[in-house]
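The values are calculated or read from the model by the stated rules, or taken from the named source; none is laboratory data. All values reported here derive from a predicted model rather than from experimental measurement. With ideal geometry, Cβ positions are generated from the backbone for all residues, glycine too; neighbour counts draw on all protein chains shown. Areas reflect the complete protein model, heavy atoms only, side chains present, ligands, DNA and RNA absent. Shrake-Rupley method; radii C 1.70, N 1.55, O 1.52, S 1.80 Å.
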Amino acid sequence: MRHIIIGAGPCGVVAAETLRKANPMADITLIGDEPVPPYSRMAIPYLLIENIGEEGTYLRSTEHYEKQNINYLNHRVSSVDADEKVLTLDDGSTLLYDKLLIASGSHPISPPIEGIDLPNVHSCWTLDDARQIAAIAKQGSNVVLMGAGFIGCIILEALVKRGVNLSVIEMGSRMVPRMLDEKAGGLLEKWCIEKGVNVLTSTKITAIKESGDAMEVETDGGKILKADLVISATGVRSNIAFLEGSGIDVKAGVVVDNKLQTNIANIYAAGDVAQAKDFSTGEYEVQAIQPTATDHGRIAALNMAGQSVEHHGSVNMNVLDTLGLISHSFGLWMGVEGGDSVEIYNPDAYKYMNLRFGIDEEEDVLVGASTLGMTQHIGVVRGLIESKIHLKEWKERLMQDPTRIMEAYLSSTQELDNVI
Amino acid sequence: MQKSLHLDPAKCTGCLQCEMACSYEKLGEFNPSRSLIKVFTFHEEGRFAPYTCTQCDEAWCMRTCPVDAITVDMATGAKLVADDKCVGCKVCTISCPFGTINYVQETGKVAKCDLCGGDPECAKACPTEAIVFIDSNAHGYDRMKAFAEKSLPSANAT
Ligand SMILES: Cc1cc2nc3c(=O)[nH]c(=O)nc-3n(C[C@H](O)[C@H](O)[C@H](O)COP(=O)(O)OP(=O)(O)OC[C@H]3O[C@@H](n4cnc5c(N)ncnc54)[C@H](O)[C@@H]3O)c2cc1C
Ligand code: SF4
């Protein structure tokens, strides 16, 4: 059986390893098009603050693939012929497969504004981007970050730590609008401003113009900001262009079923490229987060190996550290209509927590949460959401004191009351 | 035969000897707030429950780590965090559905139970056998693990 994985990011690498474990004899080829060993985009912020070198971003040691008998090819797949089960690579060569995994990830997109193609306007998505950013973002340089979404906020800290003068421009009315509500997003903004970051929300960049050695960034509010570097972090799209004409069903991403299989038998998709089930909404969406990419990679690989493992949907979740203020969101963090919720809001201490419960027979089930300024035992929020545990009397207790999530979980899973 | 920590809330008196022993082993000082095993209090029932990582087979933390900082100790089965590799991204802390890998602000990295290399101090310190280190296959092994792991739809350990 020839197994081919397109894309050597975290999803592709976990899939290759899972396949190897499930089938010691399988023929496994992992194809990645970036001119570096398989690495994690997530590690880029730590490269930018020089906590690690480039090798520190690598997903595994370089010998790992050979040791695991995974054939790693540094090529770009240019097309897929699903009828003949053959891939064409960038050098014109072809490869036959029996089972195929598309794990080609996503790429950043930028709005069509004047000056977006200037040489010192960059995305922060690849190691190559990171090198270019590091070359310009020095102590005292002026940097404008376009977009305070999740990725924008992830790199914000790294930029501040490099000592740049940072302005962040966000179209939405608050920072990370898809992860934090008004209150928590508002606190985050206040925190950033206190740390010396110039944050402009409800603001659009209208043009970027060359001005001597640097640039001028114009906003719809009539502001003009000097910039040596503009970083665009305005969203991502799945890498699906090379699948055109293959017959593989694509919408926002590659549409997959509950086995992460596409509309074509023996072709699977996983990670940032896959439009798969969201645990909370039941809708098929592209989540584009690391935990989903690695969970997908594993499930797709087990199905490719001939097991039958269902994907029940991934819980959308994020953790963000913004200059020391840590925030999280999980599942339906905005709540469901008619569902109960409980909130702690202590702006002076930069603390926020919101738990959201379901409705009807799920009225005592946790369906979402967001927090600011908390770290301990936070993963249990995922556990509570995903196991749909009925909290019973613990719901009321959480309504009184939402910080007792761990006690609620333990009590519900260890049946404490019964062992007395 | 691999051994596991077996935690029995029914036997726990809340004396916190385990937290003391753990922090002393890991930090060289008594600092229960940094203990990797935690005793939770249920004042309504007058109960206590010691809790730490079950070294679960799924190892969501290990799978999601972007930089290969979490590995399996082949001798004990424990999932170990390599401090020199961990970048402190915290993605493991949200991925672990048991909430047993935590970010430590003081170090900028995460910490979790490593079974003390196969001789866990908490079990030795516990005066009531609420924490014992026993064969993984022994009778009654880990309600917590069995129940919790099965209740998660994304768990599909093979
Ligand atoms: C700066 C930064 C910080 C981030 N931080 C976080 C975070 O804190 N938490 C979080 O959850 N997520 C974070 N993310 C998102 C996370 O990195 C992605 O969700 C994750 O990388 C998805 O993994 P993947 O394997 O699906 O895709 P990718 O990592 O994108 O890997 C896909 C690979 O396939 C290659 N490829 C594409 N097309 C082809 C082709 N035709 N042929 C061959 N190869 C191809 C791509 O070049 C790429 O190398 C961050 C992303 C960035 C950029
Ligand atoms: S916090 Fe450290 S151990 Fe956890 S996922 Fe990030 S790098 Fe890995």
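Summary of values
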item: Any hit, the range A:211-225, residues being of a type in the set (A, V, I, L, M, F, W, C) and under 11 Å from A:LEU166 (Cα atoms); result: yes
item: Residues that are at the interface with chain A (Cβ under 10 Å from one of its Cβ atoms) and assigned to a strand (DSSP E or B), drawn from the range B:51-82; result: B:TYR51
item: Residue that is open to solvent by less than 80 Å² (accessible area, probe 1.4 Å), outside the structural domain of A:GLY163 (by TED's automatic domain parsing), within 12 Å of ligand 1 (Cβ to nearest atom) and part of a strand (DSSP E or B), where the choices are A:VAL36, A:VAL80; result: A:VAL80
item: Condition met for B:THR107 (outside the structural domain of B:LEU27 (by TED's automatic domain parsing) and in contact with a helix residue (DSSP H, G or I) (Cβ under 8 Å, 6 or more places away or on another chain)); result: no
item: Out of A:THR94, A:THR88, A:THR29, sole residue that is open to solvent by 50 Å² or more (accessible area, probe 1.4 Å) and within 15 Å of ligand 1 (Cβ to nearest atom); result: A:THR94
item: Some residue of the range A:242-252 being among the β-branched types (Val, Ile, Thr), in contact with a strand residue (DSSP E or B) (Cβ under 9 Å, 6 or more places away or on another chain) and surrounded by fewer than 22 Cβ atoms within 10 Å (Cβ to Cβ); result: yes
item: Pairs, first more than 17 Å from B:LEU80 (Cβ to Cβ) in the range B:27-38, second in a loop (DSSP other than H, G, I, E, B), C-beta under 8 Å, six or more apart; result: B:PRO32/B:LEU16; B:ARG34/B:GLU106; B:LYS38/A:HIS377; B:LYS38/B:THR52
item: Hey, A:VAL176 buried (at least 17 other Cβ atoms within 10 Å of the Cβ), modelled with pLDDT of 95 or more, under 23 Å from the mean Cα position of the chain (by Cα) and more than 30 Å from A:VAL254 (Cβ to Cβ) or not; result: no
item: Test result for B:ALA75, more than 7 Å from ligand 2 (Cβ to nearest atom), among the aliphatic types (A, V, I, L, M) and open to solvent by 30 Å² or more (accessible area, probe 1.4 Å); result: yes
item: Residue among A:ILE151, A:ILE193 that alone is surrounded by fewer than 18 Cβ atoms within 10 Å (Cβ to Cβ), of a type in the set (Val, Ile, Thr) and part of a helix (DSSP H, G or I); result: A:ILE193
item: Pairs with Cβ under 9 Å, 6+ apart, first in the range B:77-92 and more than 27 Å from A:PHE330 (Cβ to Cβ), second near ligand 2 (Cβ under 8 Å from one of its atoms) and modelled with pLDDT under 95; result: none
item: Test: B:THR128 is of a type in the set (S, T, N, Q) and surrounded by fewer than 24 Cβ atoms within 10 Å (Cβ to Cβ); result: yes
item: Residue within the range A:281-295 that is of a type in the set (Val, Ile, Thr), within 8 Å of chain B (Cβ to nearest Cβ), within 16 Å of ligand 1 (Cβ to nearest atom) and in a helix (DSSP H, G or I) present; result: yes
item: Residues (over 30 Å from B:GLN105 (Cα atoms) and open to solvent by 20 Å² or more (accessible area, probe 1.4 Å)) located in the range A:331-363; result: A:VAL336, A:GLU337, A:GLY338, A:GLY339, A:ASP340, A:ILE359, A:ASP360, A:GLU361, A:GLU362, A:GLU363
item: A:ALA207 open to solvent by less than 10 Å² (accessible area, probe 1.4 Å), over 23 Å from B:GLY88 (Cα atoms), more than 16 Å from ligand 1 (Cβ to nearest atom) and small (Gly, Ala, Ser); result: yes
item: Qualifying residue in the range A:204-219 (condition: touching a helix residue (DSSP H, G or I) at 6+ places or on another chain (Cβ under 8 Å) and either more than 30 Å from A:VAL256 (Cα to Cα) or in the same structural domain as A:ILE44 (by TED's automatic domain parsing) (or both)); result: no
